[in-house]
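**Student:** Got a structure here, written out as structure tokens. Questions coming.
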Amino acid sequence: MSKQHLQKIIHSCLANLRALLFVGFGIGSINAETLLKIDPNQPQQEFQGIGCGAIFYEAHITSLATTKKQSEQSALYDAMCRDVRTNFLQLMIRHNHEPVNDNAEPQIPDFDLKNFAYTDHTIAICKAARERNPQIHFHATLYTPPAWMKTNGAETAGGKSHATIKPGAEIELTEFCWAFLARMQKAGYNVEYLSIAN
């Protein structure tokens, strides 16, 4: 996203905020003194629950089973998803299930399944979570697209071009996220919430 585009978005948000303050609070100017009162007896946002995250360290979470410590592994899953009211489990869409562009046509996915090996841990965690809490919701987060989609050519942020997505790569990014969601659905775990960062 260019600096000019970002400035337009910010200006638009400020204009909407001014309109909201004018209409909702009867304030004629954004520079006028504003007093907002919070009444805890009038909730404005619904609290839908709490959750835990299986991000960055999925293989650590499943490592007890890997080392044949099944009772300890079960106790960990109990602590994560049974002993507290875990409504949401956050999952990570890693940047590396498409290390290079699979093809020139984003509407024809052609992924290499070996690049999805990391999801074996994710699926094991989802299975344990669902067994302990059938009502749990899955929320996937992409923290960064692959390096080839980004202007700085790296999974990390920063650099002169600030790690934005390359112009025209939006559909490729959609395909990339869809591939993870499809992988999880095929394993029996539908992801209901998706967020994209960086």
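**Student:** Of the residues that sit in the range 162-174 and are under 20 Å from Asn103 (Cβ atoms) and among the hydrophobic types (A, V, I, L, M, F, W, C), which one is surrounded by the most Cβ atoms within 10 Å (Cβ to Cβ)?
**Tutor:** Residue satisfying both the conditions and the ranking: Ala169.
**Student:** Specify the residue that is farthest from Asp83 (Cα to Cα); the eligible residues are those in the range 103-121 that are among the aromatic types (Phe, Trp, Tyr) and in a loop (DSSP other than H, G, I, E, B). Quick ask: steps written out before the conclusion?
**Tutor:** First, pick out the residues of the range 103-121 that are among the aromatic types (Phe, Trp, Tyr): 111, 116, 118.
Those left that are additionally in a loop (DSSP other than H, G, I, E, B): 111, 118.
Details: Phe111: 38, Tyr118: 27 Å.
Among residues in the range 103-121 that are among the aromatic types (Phe, Trp, Tyr) and in a loop (DSSP other than H, G, I, E, B), the one farthest from Asp83 (Cα to Cα) is Phe111.
Condition check ((1) under 20 Å from His60 (Cβ atoms); (2) aromatic (Phe, Trp, Tyr); (3) outside the structural domain of Glu170 (by TED's automatic domain parsing); (4) in contact with a Phe, Trp or Tyr (Cβ under 7 Å, 6 or more places away or on another chain)) across all residues:
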residue	(1), (2), (3), (4)
Ile108	no, no, no, no
Phe111	no, yes, no, no
Tyr118	yes, yes, no, no
Ala124	yes, no, no, no
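**Student:** If only one of Glu58, Glu98, Glu46, Glu105 is within 17 Å of the chain's Cα centre (by Cα) and of a type in the set (Asp, Glu), which one is it?
**Tutor:** Values: Glu98 fails: within 17 Å of the chain's Cα centre (by Cα); Glu46 fails: within 17 Å of the chain's Cα centre (by Cα); Glu105 fails: within 17 Å of the chain's Cα centre (by Cα).
Every option except Glu58 fails the conditions.
**Student:** Since Asp83 meets every condition but one in (1) under 26 Å from Phe47 (Cβ atoms); (2) part of a loop (DSSP other than H, G, I, E, B); (3) touching a residue at least 12 places away in the same chain (Cβ under 8 Å), which condition does it not meet?
**Tutor:** It fails just one condition, (3).
**Student:** Going through the range 162-172 one residue at a time, which ones are part of a loop (DSSP other than H, G, I, E, B) and in contact (Cβ under 8 Å) with a residue 40 or more places away in the chain?
**Tutor:** The one that is part of a loop (DSSP other than H, G, I, E, B) and in contact (Cβ under 8 Å) with a residue 40 or more places away in the chain: Thr164.
**Student:** Here is a check on your reading of the model: is Glu175 in the same structural domain as Asp112 (by TED's automatic domain parsing), assigned to a loop (DSSP other than H, G, I, E, B) and of a type in the set (Asp, Glu)?
**Tutor:** Spelling it out, it is not the case that Glu175 is in the same structural domain as Asp112 (by TED's automatic domain parsing), assigned to a loop (DSSP other than H, G, I, E, B) and of a type in the set (Asp, Glu).
Yes/no per residue for (1) under 30 Å from Gln73 (Cβ atoms); (2) without any contact (Cβ under 8 Å) to a residue 12 or more places away in the chain; (3) buried (at least 19 other Cβ atoms within 10 Å of the Cβ); (4) not aliphatic (A, V, I, L, M):
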{"residue": "His139", "(1), (2), (3), (4)": "yes, no, no, yes"}
{"residue": "Pro146", "(1), (2), (3), (4)": "no, no, yes, yes"}
{"residue": "Lys160", "(1), (2), (3), (4)": "no, yes, no, yes"}
{"residue": "Phe176", "(1), (2), (3), (4)": "no, no, yes, yes"}
{"residue": "Met184", "(1), (2), (3), (4)": "yes, no, yes, no"}
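**Student:** So is Tyr143 in contact with a helix residue (DSSP H, G or I) (Cβ under 8 Å, 6 or more places away or on another chain) and among the aromatic types (Phe, Trp, Tyr) or not?
**Tutor:** When the stated conditions are applied, Tyr143 does not pass them.
**Student:** Determine which member of the set Ala157, Ala124 is farther than 21 Å from Gln185 by Cα and either part of a loop (DSSP other than H, G, I, E, B) or modelled with pLDDT of 90 or more (or both).
**Tutor:** The match here is Ala157.
**Student:** Select from the range 69-120 the residues that are basic (Lys, Arg) and at pLDDT 90 or above and list them in ascending order.
**Tutor:** Here is the first cut: in the range 69-120, the ones basic (Lys, Arg) are 69, 82, 85, 94, 114.
Selection gives Lys69, Arg82, Arg94, Lys114.
The values are calculated or read from the model by the stated rules, or taken from the named source; none is laboratory data. Please read these numbers as outputs of a predicted model, since none were measured by experiment. Counting neighbours? That spans all protein chains shown, and the Cβs are built from the backbone with ideal geometry, glycine included.
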